[in-house]
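Student: Right, I'll just put the structure down here and ask away after.
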Amino acid sequence: MLYIGELVNTHGIKGEVRIISFFKYKNIIFKPNNYLYINNEKLKIKTYRKHKNYDMVTFENYDNINDILKFKGNKVYINKDEFKFPGPLNEDLFGKKVYDKDKYIGTLINIINNNGQEILVIKGNKEYLIPYVDEFVKNIGSTIQLDLIKGFIDED
């Protein structure tokens, strides 16, 4: 199971819920007839829409606020084997060695979403923050290959 967010509240009285998610491929996950897992229950998505910074979802066979309240405050998961993603999942990149051209700079320890773009957090001699954009990230395989401009990595 892969964590994708949290069901933070209900919305209205007809079983709609608010999910906060920073998952990279939400456009693939949040579609009718796909499944989400909450409290080890497999729930089929009936409807989906965006509202502010929430992902608004209703589930089949849950048409009343009283039925859905038991999921409030719980983590939301997917079975990643049920989906085909166009690129690597952030969670699969953690622990990979990171190189700037041919120079080792550290290990990827986290990816931060700052609502504008994702930022790689690399732990080496220092902790480096690198924008996760095609301009700098050139290849992802067994390692992560970067092509950074002067100034991103201090050469002390």
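Student: Name every residue in region 1-36 that is among the hydroxyl-bearing types (Ser, Thr, Tyr) and closer than 22 Å to residue 69 by Cβ, in order of residue number.
Tutor: 3, 10, 21, 35
Student: Between 107, 58, which is surrounded by 11 or more Cβ atoms within 10 Å (Cβ to Cβ), touching a Ser or Thr at 6+ places or on another chain (Cβ under 9 Å) and modelled with pLDDT of 95 or more?
Tutor: 58
Student: Looking at the structure I just gave you, is residue 153 more than 14 Å from residue 88 (Cα to Cα) and in contact with a Leu (Cβ under 6 Å, 6 or more places away or on another chain)?
Tutor: Criteria not met by residue 153.
Student: Now, a different point. For region 7-51, which fully contained strands (runs of 3 or more DSSP E) count at least 1 residues that are within 16 Å of the chain's Cα centre (by Cα) and in contact (Cβ under 8 Å) with a residue 12 or more places away in the chain?
Tutor: Fully inside region 7-51 and qualifying: 16-20, 35-38.
Student: Select from region 127-153 the residues that are out of contact with any Asp or Glu (no Cβ under 9 Å at 6 or more places or on another chain), farther than 20 Å from residue 114 by Cα and charged (D, E, K, R) and list them in ascending order.
Tutor: 150, the sole residue that qualifies.
The values are calculated or read from the model by the stated rules, or taken from the named source; none is laboratory data. Since this is a predicted model, take the numbers as computed values, not measurements. Backbone-built Cβ (ideal geometry, glycine too); neighbour counts: all protein chains shown.
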